[in-house]
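Q: The structure follows.
The values are calculated or read from the model by the stated rules, or taken from the named source; none is laboratory data. It should be emphasised that the depicted structure is a prediction, and the values quoted were computed from it without experimental measurement. In this analysis, Cβ positions are derived from the backbone assuming ideal geometry, glycine residues included, and neighbour counts consider all displayed protein chains.
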Amino acid sequence: MKRISFSFNPAASTNSYDTLVLPVFADGKLAETCQGIDPDKTLSTLVSELNENADFTGKAGKTLMVMQPFDKTSKRVFLVGLGKAEELTFKSYLSAIKAAASAIENSGAQTVYNALVLVQPADKPQAWSVRQNAQVFQQSFYDYAHESRGEHHPKDPKLNAMIFAAEETPENRSAVEQGQATALGMALTQDLANMPSNFCTPAHLADTAIELGKTYGFEANILEREQMLEMGMGSFMAVAQGSITPPKMICLSYKGAGDEAPIALVGKGVTFDTGGISLKPGAGMDEMKYDMGGAATVLGVFKALGELKPKMNVVAVIPATENMPSGNAIKPGDVVTSLSGQTIEILNTDAEGRLILCDALTYVQQTYQPAKIIDMATLTGACIIALGNHVSGLMANDQTIADDLLQAGLETYDRFWQMPLGEEWDEQLKSNFADMANIGGRAGGTITAGQFLARFTKDVTWAHLDIAGTAWVSGDNKGATGRPVPAVVQYLLTQAG
Ligand code: BES
Ligand code: MN
Ligand code: ZN
């Protein structure tokens, strides 16, 4: 994905650009903070005339491009409506800049002077606006352009450079870096998730991790089937035995802080989930190529880490496999022994995510002794029923990690909603034939899945993100969202030294 270059200059008149982007509040009011870039009032006059003639009123999310409106430095003035100043929120600001980014992308603008950073909701600093603009404009370049897309003409954005109407403070500088790195990470996550499962195999995920390692200096280690069978990952290998496509355990390690215990990220990498012998219905089954959304998020977060190089240690462990029915597939009632030694009765082969994650969770503790673990997984359809598509589910065995993740979600508008854990739900996993069953009945399906994972993370601070409802959108705009890369990156940065 092409990269925009960002710079700072508070004085519009001393810049060279072809497009001036201006924030306009309801009733045709140029934001007051724009006075500094409008010394002779040409801009506010233009804006109020457009309002009087009902051409542009500053309604939230509306935009208008005006060509050469006066004899000035820029070819275009691009107006972005923000609605009533006192009603500006994170959500309305985000939709306004998203509308701006998409309109600019479809214009000839090459160099933009962006005055949208002169406004923000009352409780936010300017660096916040800088961060949102850097992320949203960089993200607007995202285009799924795999060769298998055929006739698709990939996006060819003309925008190259953006100058912010702001001082180059350390806060603003790091806001740009964080926003841009997040967008680049999200793009990798989206590319991997959108890619069909005949291309995005466990081996492709492994190659992507190795490639990231070469680019950014991460240590990569890939475990193969024979090794994992030998090690005793009976649960992960049970899911993988139904597929001819070789499974991989993908491990990456980022070292930015010496010998400190790392934070571990574990991502579900089911490159296609048919359900196995407990076969899924046909309708919409194509979307199960997205069942590696957790793995894709972990790799996207690592890309952002490589860009930002925070002072901390982070490891990634990704169990990757297909979940297929076959003559060699696991069957309902089969009992397997996990790497932890606990036995599992597989009552439904479609509850495969937890079966691969439990061995990854044990492996990451044995291998890296992490201070904390965060796993992310498109784990349960029940999560979509409970929460819909706007927030990810969050469960944790420690309230501090839960609170910190909730906060990171609010700060990035990539939100989580906490669900409970507790003994009552854990009891639903009882089996007559093994230490536990892999399903707990229809009631509280997201929580019993969390409870299953909790049995493998008893001795470590752990949080679980169920991203079934947020990793992709269905319907006419079907596609990966890149979530929850923004929130996880934000969380990690708050934990860095
Ligand atoms: N990958 C699915 C969960 C899922 C389904 C995510 C639909 C997004 C959309 C997971 O492996 C699964 O099949 N879970 C089962 C669990 C059940 C058998 C206890 C489910 O949600 O139906
Ligand atoms: Mn499944
Ligand atoms: Zn699945």
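Q: Kindly check whether there is at least one residue in region 271-293 that is away from ligand 2 (no atom under 16 Å from the Cβ), assigned to a loop (DSSP other than H, G, I, E, B) and at pLDDT 95 or above.
A: no
Q: Look through K289, K303, K280 and report the one residue that is closer than 17 Å to L188 by Cα, of a type in the set (K, R) and within 14 Å of ligand 1 (Cβ to nearest atom).
A: K289
Q: Collect the residues in region 339-356 that are more than 16 Å from ligand 3 (Cβ to nearest atom), surrounded by fewer than 19 Cβ atoms within 10 Å (Cβ to Cβ) and in a loop (DSSP other than H, G, I, E, B), keeping them in residue-number order.
A: Result: G341, Q342.
Q: Being over 22 Å from the mean Cα position of the chain (by Cα) and away from ligand 3 (no atom under 16 Å from the Cβ) is true for just one of V314, V301, V336. Which residue is that?
A: It is V336.
Q: Given the criteria over 26 Å from A371 (Cα atoms) and either in a strand (DSSP E or B) or among the hydrophobic types (A, V, I, L, M, F, W, C) (or both), does I244 qualify?
A: yes
Q: Scan L82, L94 and give me the residue that is closer than 22 Å to S140 by Cα, surrounded by fewer than 21 Cβ atoms within 10 Å (Cβ to Cβ) and in contact with a helix residue (DSSP H, G or I) (Cβ under 7 Å, 6 or more places away or on another chain).
A: Only one candidate qualifies: L94.
Q: Does region 400-409 include one or more residues that are within 16 Å of G353 (Cβ to Cβ) and not hydrophobic (A, V, I, L, M, F, W, C)?
A: No, region 400-409 has no match at all.
Q: More than 15 Å from ligand 2 (Cβ to nearest atom) and either closer than 24 Å to G276 by Cβ or in contact (Cβ under 8 Å) with a residue 24 or more places away in the chain (or both): does that describe A377?
A: No.
Q: I need a count of the residues in region 360-374 that are crowded, with 19+ Cβ neighbours inside 10 Å and either within 16 Å of ligand 2 (Cβ to nearest atom) or of a type in the set (A, V, I, L, M) (or both).
A: Residues flagged as crowded, with 19+ Cβ neighbours inside 10 Å and either within 16 Å of ligand 2 (Cβ to nearest atom) or of a type in the set (A, V, I, L, M) (or both) within region 360-374 amount to 5.
Q: If A316 satisfies every condition in (1) within 16 Å of ligand 1 (Cβ to nearest atom); (2) closer than 18 Å to I210 by Cα; (3) small (G, A, S) but one, which is the exception?
A: With (1) within 16 Å of ligand 1 (Cβ to nearest atom); (2) closer than 18 Å to I210 by Cα; (3) small (G, A, S) applied to A316, the lone miss is (1).
Q: Would you check which residues across region 431-490 are assigned to a loop (DSSP other than H, G, I, E, B) and of a type in the set (S, T, N, Q) and list them?
A: S431, N432, N438, T457, T470, S474, T481
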